[in-house]
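Encoded as structure tokens, the structure appears first; notes follow it.
The values are calculated or read from the model by the stated rules, or taken from the named source; none is laboratory data. Everything numeric in this text was worked out from a predicted model, so none of it was measured. Just so you know, the surface numbers come from the protein's heavy atoms only, side chains and all, with ligands and any DNA or RNA stripped out. Shrake-Rupley method; radii C 1.70, N 1.55, O 1.52, S 1.80 Å.
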Amino acid sequence: MDSDSVQRLEDVLHSCERVTARLIEAVATNAQLAGTHTKEVSELFDQWVAIIGRDLRARLEETGTLDLRETSQQLGITMESLVTLLGYLHRRGDISITAVTAHPTEESNRELCGCIDGHTPEGQEGRSP
């Protein structure tokens, strides 16, 4: 094998090691979360969602629209979490999403750990591979 082929093989092997580490981390995290899913924690989460839902509904009644970046910063959550909550509230019938404004972006996939491609997405510094 020539040195380029060996290097490519080593790169693939290293990439597989990082992907495997992320999968193990995800399984461990899910197992830990499953252990914390008690009735009390579930009730607390439901109460939190109800509080946030009332706040979001009041904002929508006042202006009819939400700025995701501004609202998520004010609530202390990520924009991704806010979108998830809005979808949940829509599915429950608490709000009706009738329009979405979106723009193409060149940003990296926020769902992926940068350890796979050697980069760390903003907000994920310090995460282990």
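Can you give me the accessible area per residue for the range 16-107, using a 1.4 Å probe, in Å²?
77
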Cα-based shape type of the range 1-92, given that a ≥ b ≥ c are square roots of the gyration tensor eigenvalues and the cut on a/c is 1.5: oblate
